[in-house]
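In what follows, a single structure is set out as structure tokens and then discussed.
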Amino acid sequence: MKLTKELILEIDLLIDELIEVGVVSENKCNSEIRGNSIRFLKTKGLLISNCKRVQYNPTSEVYEIKKVGIEKYLKEENRVEELDLKIKELTAINLNLQNKQLKRYILYSVISFVLGAISTNIEEILNFLNQ
């Protein structure tokens, strides 16, 4: 659903009504834009279904939206989602680098062990090869 200016204004009006009245109803008398604004808030999880199927109560986030407005709230929500995605990407890169470092550590340890064994027993190895 594309957020038009008209829909954003209707969402702001709906939030004002939710705060004042405490409940909003979905029925056939609502305009299409009103129905779209109710559906938008339901998909964002900002409305809680009441005992009746057509009435919805606001969540605590609706009061936050009232303070900053729906546009700023959605921008902040998108920013947080982008940051979460960036954190996941950086975590994956970090794990990959840690795995490479661990593999190098094991390889260097094995090489050091072999070279240490050879260097401490070089006389016995040379005597064995000369026989």
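The values are calculated or read from the model by the stated rules, or taken from the named source; none is laboratory data. A quick note: this is a predicted structure, and the numbers were derived from the prediction, not measured. All Cβ positions, glycine included, derive from the backbone under ideal geometry; neighbour counts span all protein chains shown.
Quick notes on this structure:
- Close pairs (6 angstrom Cβ cut-off, 6 or more residues apart or separate chains): closer than 14 Å to I70 by Cα in the range 31-44, assigned to a helix (DSSP H, G or I) anywhere: S37/E10; S37/I11; S37/L14
- Filtering the range 98-123 to residues that are within 38 Å of the chain's Cα centre (by Cα) and β-branched (V, I, T) leaves only I106.
- Some residue of the range 68-78 being surrounded by 10 or more Cβ atoms within 10 Å (Cβ to Cβ), at negative phi and not in a helix (DSSP H, G or I): no
- A single entry from I65, I70 fulfils the requirement of being touching a residue at least 60 places away in the same chain (Cβ under 8 Å) and closer than 30 Å to I19 by Cβ: I70.
- Any hit, the range 5-12, residues being farther than 19 Å from K66 by Cβ, exposed (fewer than 14 other Cβ atoms within 10 Å of the Cβ), at pLDDT 85 or above and out of contact with any Cys (no Cβ under 8 Å at 6 or more places or on another chain): yes
- Any hit, the range 47-61, residues being surrounded by 10 or more Cβ atoms within 10 Å (Cβ to Cβ) and either part of a helix (DSSP H, G or I) or touching a residue at least 60 places away in the same chain (Cβ under 8 Å) (or both): yes
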